[in-house]
Ligand SMILES: O=C(O)CCC(=O)C(=O)O
């Protein structure tokens, strides 16, 4: 079954006025459930149910995870994606790997503010103009996080053969210090974080990878400095 991931880089919207998640506790590889208090400015937030955030922390790893949408809401967004998104093709659907242009092993498209582009792996992906349902999601995520988002990169994994290889989201286009918000739809699939010091042949320390199962309708916030130290990967899944 298909999986979509809508991924946005953020910039801070509000000055902190209390209510920020406490990221100072290093609960290494331990997930703790907590209620994240709402910020004062968010009184008009249109989400009625209380959200149950889970903090996932490790050495320089700081993520917040929440089941943001009900099954019905997530199904509707999934359908809207299927009906409305037009994925990149041709050169925009390729990346450079060791000097060679290869097809991206998934479908991909970006939407965002006028003139924005996202450079990665040798390619520059321009943002298409926002669609209504995407701005609804964007504004919802701004309401609950306090961060503005001006761009979304959408990955569609049609089945277990589609994937995204190990990478760091540390591109220059992303605003330093701001979280990346990642909304997942469809069949749950693990996102695996590996610390840069414990990868491959040149590993100099043993740090356990951190697996996060991304459920239908869930939101993962990857907070600073996670993407400076950890590589993320969505492996080939169940076929
Ligand atoms: O598919 C995902 O969950 C993550 C996508 C991702 O890491 C990326 O687009 O850089």
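When restricted to Cα atoms, region 52-96 yields an Rg and a Dmax of 16.8, 41 Å, respectively. The distance from the alpha carbon centre of region 80-141 to that of region 146-185 is 10 Å, rounded to a whole number. Histogrammed with a bin width of 5 Å, the alpha carbon distances of region 88-129 distribute as 6, 25, 31, 23, 11, 4, 1 percent, first bin at zero. Here, region 124-163 is characterised by an Rg to Rh ratio of 1.07, where Rg is the alpha-carbon radius of gyration and Rh the Kirkwood radius. Packing, as the average of other Cβ atoms within 10 Å across residues, places the peptides 107-118, 152-163, 175-186 in the order 175-186, 152-163, 107-118, highest first.
One equal scatterer on each Cα of region 80-158, no solvent, Debye formula: the resulting log10 I(q)/I(0) at q = 0.20 Å⁻¹ is -0.92. To the nearest whole percent, what portion of all C-alpha pairs in region 137-239 is separated by more than 22 angstrom? The calculated P(r) of region 137-239 puts 36 percent of pairs beyond 22 Å.
With 0.36 nm allotted per residue and the present C-alpha distance subtracted, the residue 228-residue 133 stretch has 31.1 nm of extension available. Over 24 Å apart: what share of the alpha carbon pairs of region 56-213 falls there, rounded to a whole percent? When all Cα pairs of region 56-213 are counted, 41 percent exceed 24 Å.
Across region 110-216, Cα pairs under 8 Å and at least six residues apart give a relative contact order of 20 percent.
Values quoted throughout were computed directly from the atomic coordinates according to the rules given, and no laboratory measurement underlies them. Being a predicted model, the structure only gives us computed values, none of them experimental. Every residue, glycine among them, receives a Cβ derived from its backbone with ideal geometry; neighbour counts consider all protein chains shown.
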